[in-house]
1. So for the stretch 1-99, if I pair up every lysine 8 or more residues apart or on another chain, how many of those pairs have alpha-carbons under 18 Å apart?
2. Report P(r) for the chain: all Cα-Cα distances, bin width 20 Å, range 0 to the bin holding the largest distance, values in whole percent.
3. What does the net charge come to around residue 228 if you take all other residues with beta carbon closer than 10 Å to its beta carbon, with K and R at +1 and D and E at -1?
4. For the stretch 166-282, which semi-axes, largest first and in whole Å, follow from the square roots of 5 times the eigenvalues of its Cα gyration tensor?
5. Enumerate the whole-percent occupancy of each 5 Å bin, from 0 to the last occupied one, for all C-alpha pair distances of the stretch 82-200.
6. Give me the Å³ per residue figure for the convex hull around the C-alpha atoms of the stretch 141-183.
7. By how many nm would the segment from residue 64 to residue 286 lengthen if fully extended, with 0.36 nm per residue of separation less the alpha-carbon distance?
8. Quick check: net charge around residue 86, other residues with Cβ under 13 Å of its Cβ, Lys/Arg +1 and Asp/Glu -1?
Amino acid sequence: MELTERECWFWLCSRDWLGVRSIDKLLGYFKTAKNIYYGRNSQYEQVKGISKKICDRLCSDEEKDEEALKRSIDRLERSGGRFLSRVDDGFPEKLKHIYDVPAGLFYYGRMPEKNQPMIAIVGAREAGGYGLEAARYFGRELAKQGIGVISGLARGIDGESHRGALEGGGLTWGVLGCGLNICYPRENYPIFEQMKRCGGIISEYTMDVPPKAWHFPMRNRIISGLSDGVLVIEARSRSGSLITADMGLEQGKNIYALPGSFQSSLSAGCHELIQNGAKLVFRPEDILEDYPVNLKEKKGFDEKMKLTLDNSEQLVYASLRLNPKDVDTISADCGLSLKETIRILTNLELEGKIRSMGQNQYVVRL
């Protein structure tokens, strides 16, 4: 039995060796995915910009194993995954207007609602305590106000922004640079699973496609494309996060940057963005004021801390900042014994109020 147009779109988008530009060239000639699938080698060779290597693969029996294709579709659906081609209803409207529109998307969970405000939060993988806490804080507070948070599920700023959004009871989406069923890095697996229920996981790549270096710059256009604004937290000069911001700027998105220390190379990219016109932000309200949301009342952070800390704990807590401070310095600043300081720090960490950065150094959690 002949494949349907939808099955042919799935086939087309699940060839990880076939990039979106090659797909566009093929569609320009054949008009439909079904015509591409049932095309002949003599026709493939007529398509400008399509190499002989691609023509040969398009003709191979291995690539056109219809039973294997149906098994792939069934496996995706049984795992809870779904597929949308760019011609399907439900394909995100925001992505239809970007450069290199994805031919199709594989996803778990749900797609963002058309009118839901979305903020992308991106930054360094090897972020410092300042950046990690800021990403979690902004993700949490934006999510509390009904803003969808989108990022790349990578180590560092990405992962913390997703965690913050989940803590805030909101929705968050991760765009992968690998197959839909692969959580990379593995350490983010708990939030990967939670995001299936509280937002979604999105990829251009079908199941089992390994992460490759060139996939990640490409996926950045989807992160910025689905957003209404891009917030950059801790990014070096010429980093991948600045690529995402540049893509967002080309797509007409609002660009935000959190400043940091002038001594930190991790903040150099953010400062460059601010110099070039990005909006400087230091609180979630600086972003929220640009979107039609009704701010929900929230109790001041310092006020909540005072309700739950005793005098010694308040003293230690007040001495901490977002830059790491070691135990000996904290003990000296607070006039407490080393033993008492360690006891208090342990309690504060267990209560989720501070974070250990290793090597007996701590930062406050926002």
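The values are calculated or read from the model by the stated rules, or taken from the named source; none is laboratory data. The structure presented is a predicted model; accordingly, all values stated were derived computationally and were not measured. Neighbour counts run over all protein chains shown; Cβ positions are idealised from the backbone, glycine included. Heads up: the accessible areas ignore ligands, DNA and RNA and are worked out on the full protein's heavy atoms, side chains in. Shrake-Rupley method; radii C 1.70, N 1.55, O 1.52, S 1.80 Å.
1. 11
2. Percent of pairs per bin, in order: 27, 49, 19, 4, 0.
3. Every neighbour counted, the sum reads +1.
4. 26, 16, 14
5. 2, 12, 22, 24, 20, 14, 6, 1, 0
6. Dividing the Cα hull volume of the stretch 141-183 by its residue count gives 63 Å³.
7. Length difference between fully extended and current span is 74.7 nm.
8. So the environment of residue 86 carries a net charge of -4.
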